[in-house]
Amino acid sequence: MRNKHGGDIYRAAAPRVRERLYLVLLLLSLLAPPALLQAQPQRIVSTAPSITEMLFALGLGDRIVGVTTFCHFPEEAKSIAKVGTYIQPNLEVILALRPDLVVIQENPVRLKEKFEAVRLNVLELKHMSVSDVYSSIAQLGDAAGVPGRATDLNASIRSRLDAIRAKTAGLERRRMMFIVGRSPDAIEGLIAVGSASYLNELIDAAGGGNVFLESAAPYPKVSLEEVLARNPEVIADMGDMADTAGVTEEQKQRVIRLWERYPTLAAVRRNGVHAIASDIYVVPGPRMIEAAEAFARMLHPEAGF
């Protein structure tokens, strides 16, 4: 079909049609949610307990095909295929699971490079601070195509943490020490929480003052002499626990008796020694808010937490 100038009408119109089609597609791409623009991962491997807990909290438990041997929360995680440990995941096992996303925590052994070398899709997350946890949840939500769930989860954690801060704002800030490691049945080889750990932020939110705040390391080695000099009013001790499944009454009493050897400590005098063993204190994920609430109960039992 030709116009009066003898040109082909279709050819004349085609550029305009293509231009309009391009604009329509561009508009759709801007309006479409990210999850529709790329396939959502359906087979996810987690290489850290914190990541596993984040995935479940985001409602993605049914997509997880592999977790570490230390991933045991929630209960469903125990029945998922094990891929080794945080530092030493089994690459052969991971490849056999055919994941379309492997999520790792920032680590000193360059796992990201090793996984990418065999063409695995890798997301690396950082968990050193509370803000890192929020960022990790957001990144994980984006990668899995559920950014709205991540926003809601972060809002819930922030709200609860703000509530703790508000409740402890007018209370006396008590000196606290958190021991994450030591020699069995001895006050030796002490490893405490320093300023660079997210746990320090939770102690602060709970109305406490970390006695090793000046330490730039996240988990510094400290001496008994340093502990005695700083004289904490509250001691949270999980250094002698073989696992994080809870503490028996016998274990509690054993830990208390260890610290009672140093009666000049304020924590001993005011019954402020707490033997603890739970994932909430060592997994920087959604349940870190439970650790903050537990710290508040240790620091301010009079406040009714």
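Got a sec? How would Phe70, Phe178, Phe115 order by Cβ neighbour count within 10 Å, fewest to most?
Phe70, Phe115, Phe178
Under a 5 Å amide H to amide H cut-off, with H placed in plane at 1.01 Å, what residues pair with Gly285 once short-range neighbours are removed?
So Gly285 has HN proximity to no qualifying residue.
Counting other beta carbons within 10 Å of each Cβ, put Tyr134, Tyr198 in order, fewest first.
Values: Tyr134 16, Tyr198 19.
Least to most surrounded, the residues fall as Tyr134, Tyr198.
Considering amide H positions built from the backbone, and no H for Pro or chain starts, which residues 5 or more places from Lys126, or on another chain, come under 5 Å of its amide H?
Under 5 Å from the amide H of Lys126 lie the amide H atoms of Glu106, each far enough along the sequence or on another chain.
Using a cut-off of 21 Å between alpha-carbon atoms, which lysines can reach Lys126, once sequence neighbours fewer than 8 places away in the same chain are excluded?
Once the sequence-local lysines are set aside, what remains near Lys126 is Lys112, Lys114.
Using only Cα atoms and rounding to the nearest 10 degrees, what angle (0 to 90) does helix 9-31 make with the longest principal axis of the chain?
10
With a cut-off of at most 13 other beta carbons within 10 Å, and DSSP calling the residue loop, which GluC sites (Glu not before Pro) in segment 200-238 qualify? Please list them.
Values: sites: Glu201, Glu214, Glu225, Glu226, Glu233; in loops: Glu214, Glu233.
Hits after loop and neighbour filter: Glu214.
Taking the Cα-to-Cβ direction at Ala196 and at Glu250 and moving 7 Å from each Cα, how far apart do the two end points lie in nm?
3.9
Once you have all Cα-Cα distances for segment 44-159, histogram them in 5 Å bins from zero and send the whole-percent values.
2, 12, 24, 25, 21, 11, 3, 1, 0
Residue by residue through segment 102-111, which ³J(HN,Hα) values in whole Hz follow from phi under the Karplus form 6.51 cos²θ - 1.76 cosθ + 1.60 (θ = phi - 60°), with glycine and proline marked x?
Coupling constants for segment 102-111: 10, 10, 10, 8, 3, 8, x, 10, 6, 4 Hz.
Over segment 233-305, what is the relative contact order in whole percent, taking alpha-carbon pairs under 8 Å and six or more residues apart?
Values: 76 pairs, mean separation 26.7, N = 73.
The value is 37 percent.
With 10 angstrom as the radius, rank Met128, Met177 by how many other C-beta atoms surround their C-beta, starting from the fewest.
Met128, Met177
Select from Val180, Val282, Val247 the residue whose mean-square fluctuation is largest in a Gaussian network model of the chain (Cα-Cα springs shorter than 10 Å).
Looking only at Val180, Val282, Val247, the biggest GNM fluctuation is shown by Val247.
Could you list which residues have their amide H under 5 Å from that of Ile179, counting only those 5 or more apart in sequence or on another chain, with H placed in the peptide plane?
Here the answer is Ala236, Asp237, Met238, since their amide H atoms fall under 5 Å of that of Ile179.
Using only alpha carbon pairs under 8 Å that are at least six residues apart, calculate the relative contact order of segment 44-159 and give it in whole percent.
Working: 166 pairs, mean separation 25.9, N = 116.
Taking the mean separation of contacting Cα pairs over the length of segment 44-159, I get 22 percent.
Per-residue HN-Hα couplings for segment 198-215, Karplus 6.51 cos²θ - 1.76 cosθ + 1.60 at θ = phi - 60°, whole Hz, x for Gly and Pro?
Values per residue, Gly and Pro as x: 4, 5, 4, 5, 5, 4, 4, 4, 7, x, x, x, 5, 5, 10, 4, 6, 6 Hz.
Can you give me the relative contact order of the chain as a percent, contacts being Cα pairs under 8 Å and 6 or more apart?
14 percent.
Can you compute 3J(HN,Hα) from phi for each residue in segment 272-287, using the Karplus curve 6.51 cos²θ - 1.76 cosθ + 1.60 with θ = phi - 60°, rounded to whole Hz and x for Gly and Pro?
3J(HN,Hα) across segment 272-287, in whole Hz: x, 9, 10, 8, 10, 7, 7, 4, 4, 8, 10, 10, x, x, x, 7.
Does anyone have the angle between helix 147-168 and the longest principal axis of the chain? Alpha-carbon axes, 0 to 90°, nearest 10?
Roughly 30 degrees between the two axes.
From the C-alpha gyration tensor of segment 173-303, pull out the three semi-axes of the equivalent ellipsoid (sqrt of 5λ each), sorted largest to smallest, in whole Å.
19, 17, 15
Provide Rg and Dmax in Å for the chain, with only Cα atoms included in the calculation.
For the chain, the Cα radius of gyration and maximum Cα-Cα distance read 26.1, 107 Å.
Please compute the Kirkwood hydrodynamic radius over segment 154-227, one decimal place, Å, based on all pairs of different Cα atoms. Intermediate values should be presented prior to the final figure.
Working: mean 1/r = 0.0753 Å⁻¹.
Hydrodynamic radius (Kirkwood, Cα only) of segment 154-227 equals 13.3 Å.
Given the rule -39500 (n - 2.57) for each run of at least 4 DSSP H residues, summed and divided by the residues of the chain, what is its mean residue ellipticity at 222 nm, to the nearest 500 deg cm²/dmol?
The helix-only estimate for the chain comes to -12500 deg cm²/dmol at 222 nm.
Every read-out reported here was derived from the displayed coordinates using simple, explicitly stated rules and does not represent laboratory data. Note that this is a predicted model, so its numbers are computed, not measured. Cβ coordinates were reconstructed from backbone atoms using ideal geometry, including for glycine residues, and neighbour counts include every protein chain displayed.
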